[in-house]
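In what follows, a structure is listed as structure tokens, so that the remarks can point back to it.
Readers should treat all values here as calculations from the given coordinates under stated rules, not as data from a laboratory. For clarity, every value in this text was computed on a predicted model and none was experimentally measured. Glycine gets a Cβ as well: all are built from the backbone with ideal geometry, and neighbour counts include every protein chain shown.
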Amino acid sequence: MRKPTFDMNIFAERRKKLGQEIAGGALVVGSHPELVRNHDVHFPYRQDSNMFYLTGWEEPDSVLIYRPGMKPETVMFVRRKDPERETWDGFRYGPEGCEREFKIDKAYHIDEFAKVAPQLLKEVDRVYYRLYKNHELDERMQGVLESVRQMQGRTGYGLLSIHDADTLIGEMRLVKSEYELTQMREACEITAQGHLAAMHFTRPGVTERQVQGVLAHHFFMKGSAREGYGYIVASGNNATTLHYNFNDQICKDGDLLLIDAGAEYNYYTGDITRTFPVNGKFTDEQARVYEAVLKVQKEIIDFVKPGIVFKDLHEMGTSLLTDAMLELGLLSGRKDDLIQALAQKKYYPHGIGHWLGLDVHDAGLYFKKGEPRPIEANMCFTVEPGIYIPADDTSAPQRYRGIGIRIEDNIRVTSAGSENMTSSVPKEIADLEKVVGKA
Ligand code: GLY
Ligand code: MN
Ligand code: MN
């Protein structure tokens, strides 16, 4: 027998808040399917972020139908209890446990979805559902919507209109509550301390995989259930691949090591990148590129306050990093012409950051009706400028080839500026040189 570890009032309150925006309609949210890893082994299961956000439910093969103001208001379809499967794979709540433990008005076995869902949806005037995320559920929904249409008889009504659920929920997820900020700060702090442990461990001859192991060990030891995304442990030229994930090389004397890794804590993730020398001492060339990126990162973080738009941060990143590339001799010409031609993308091919929360690239609109949206207090995002100079880039000065640097912190917007939730992991050159390799 298991008990949920989360306070169910949190999820009920979220549903209530969302319900105010969809009165008369219904929200349908599905879990992710389980994925086969190989033969009869599955990837570790992690619930869909929206399903978790609205229910705290962690099992696969489940659907939530939420009809604010109607009875029953919150309905779940879940796996049946199955003593044999539970002997092999572990406890299932079943419909009764779902109702009892999760503040759900009515729960059914998932096989009853095709029969029961039309009865629930025939009473609403529109449905919020994200199509094409879960193929199997899409097919079921197609049948349900057609059943609802047939139930209308010759009234002239066609299919219920479908509105995108993820856009709706994403807007709510974007502004974090005090409870969420507590989880995020913990995820950020575990992540920061994991990076610090990795720095202590690193020295010439260790493998990228061993460094990954240090991060994972630290994350798990501090209460993280899993990482928020795949570990990027990239030494030397590997750092010029943005999401390098082979993590199978030896860290060499004289190379830099870029680590982009985040611990997930109660479903919220940190997302930190640090870059430092494997042997603990920056070369002059490495230091020049590093300082240029660090200066840009700090300037952008200093600019953050409510009312500015994310697009300004992107444009600042582009402008300041292009200045840096000109100073380093990576690019030549007029800055405006270079940016117009997107020349800076050769060495900085990504954006300045992204919303952060339950997903590493979290939900929420960056633009509304074509206009960039002003950022508000308690939105959280990353600031992660970088410069990446591939080893085989013969147009770059020889001394900089094979250097890839990204510096990434996790920022919360406050009422007047910002809080850096990942400031406890060093990023100044002098501070990094004090800790790398000093176990
Ligand atoms: N860790 C992925 C990213 O920084 O966007
Ligand atoms: Mn990021
Ligand atoms: Mn990252």
query: Taking the highest mean first, how do the peptides 402-410, 86-94, 228-236, 250-258 order by number of other beta carbon atoms within 10 angstrom per residue?
result: 402-410, 228-236, 250-258, 86-94
Over the chain - Rg/Rh using Cα atoms and the Kirkwood inverse-distance radius: 1.03
query: Just going by the charge dipole of the chain, with Lys and Arg at +1 and Asp and Glu at -1 on Cβ, which of MET421, TYR132, SER332 is farthest out on the positive end?
result: TYR132
Whole-Hz ³J(HN,Hα) from phi, Karplus 6.51 cos²θ - 1.76 cosθ + 1.60, for segment 381-395, glycine and proline x: 7, 9, 10, 9, x, x, 9, 10, 10, x, 4, 9, 7, 6, 7
- prompt: In whole percent, what relative contact order does the chain give with Cα contacts below 8 Å and a gap of six or more residues?
  reply: 14
message: Given Cβ point charges of +1 (Lys, Arg) and -1 (Asp, Glu) and nothing else, what value in debye, to the nearest 20, does the dipole of the chain about its Cα centre take?
response: 480
field: Rg/Rh ratio calculated on Cα atoms of segment 218-315 (Kirkwood radius)
entry: 1.03
- prompt: Where does the charge balance sit around THR273 when Lys and Arg score +1, Asp and Glu -1, over other residues with C-beta under 13 Å from its C-beta?
  reply: -2
task: Go through 1-10, 271-280, 70-79 and give me the packing order, highest mean Cβ count within 10 Å leading.
output: 271-280, 70-79, 1-10
- prompt: Karplus couplings for segment 252-267 from phi (6.51 cos²θ - 1.76 cosθ + 1.60, θ = phi - 60°), rounded to Hz, Gly and Pro as x?
  reply: 9, 3, x, 8, 8, 10, 9, 10, 10, 8, x, 7, 9, 10, 6, 6
task: Determine the distance separating the Cα centre of segment 40-67 from the Cα centre of segment 247-300; give it in Å without decimals.
output: 34
task: Quick one: angle between helix 8-19 and the longest Cα principal axis of the chain, in degrees between 0 and 90, rounded to 10, please.
output: 80
query: In degrees between 0 and 90, to the nearest 10, how far off the longest principal axis of the chain does helix 135-151 point, with axes built from Cα atoms?
result: 30
- line: Relative contact order of segment 242-381 (C-alpha contacts under 8 Å, at least 6 apart) in percent is 23
query: Do the sum for the chain: with -39,500 (n - 2.57) for every DSSP H run of n ≥ 4, divided by all residues, what is the mean residue ellipticity at 222 nm, to the nearest 500 deg cm²/dmol?
result: -11500 deg cm²/dmol
field: Dipole moment magnitude, nearest 20 debye, segment 366-429 about Cα centre, only Lys, Arg, Asp, Glu C-beta charged
entry: 140
Relative compactness, segment 73-138, computed as alpha-carbon Rg over 2.2 N^0.38 Å: 1.28
With Cα atoms, 0 to 90° folded angle of helix 310-328 axis to the chain main axis: 20
query: Between LEU181 and ASP138, what FRET efficiency comes out of the Förster formula 1/(1 + (r/R0)^6) with R0 = 30 Å and r the beta carbon distance, rounded to 0.05?
result: 0.30
statement: In nanometres, the difference between 0.36 nm per residue of separation and the alpha-carbon distance of HIS42 and GLU84 is 13.3 nm
- request: Quick one: grab Rg to one decimal and Dmax as a whole number for segment 153-209, Cα atoms only, in Å.
  value: 23.6, 76
- prompt: How much net charge surrounds ASN247 when only the other residues with a Cβ under 13 Å from the Cβ of ASN247 are counted, with Lys and Arg +1 and Asp and Glu -1?
  reply: -3
query: Hey, can you rank 291-302, 355-366, 375-386 by average C-beta count inside 10 Å, highest first?
result: 375-386, 355-366, 291-302
query: Considering the alpha-carbon set of segment 85-214 alone, what are its Rg and its Dmax in angstrom?
result: 23.2, 76
statement: Using alpha carbon centers only, segment 188-206 is separated from segment 406-439 by a whole-angstrom value of 13
message: Rg/Rh for segment 337-439 to two decimals, with Rh computed the Kirkwood way over all alpha-carbon pairs.
response: 1.05
- prompt: Tell me, how many Å apart are the Cα centres for segment 302-360 and for segment 85-113?
  reply: 48
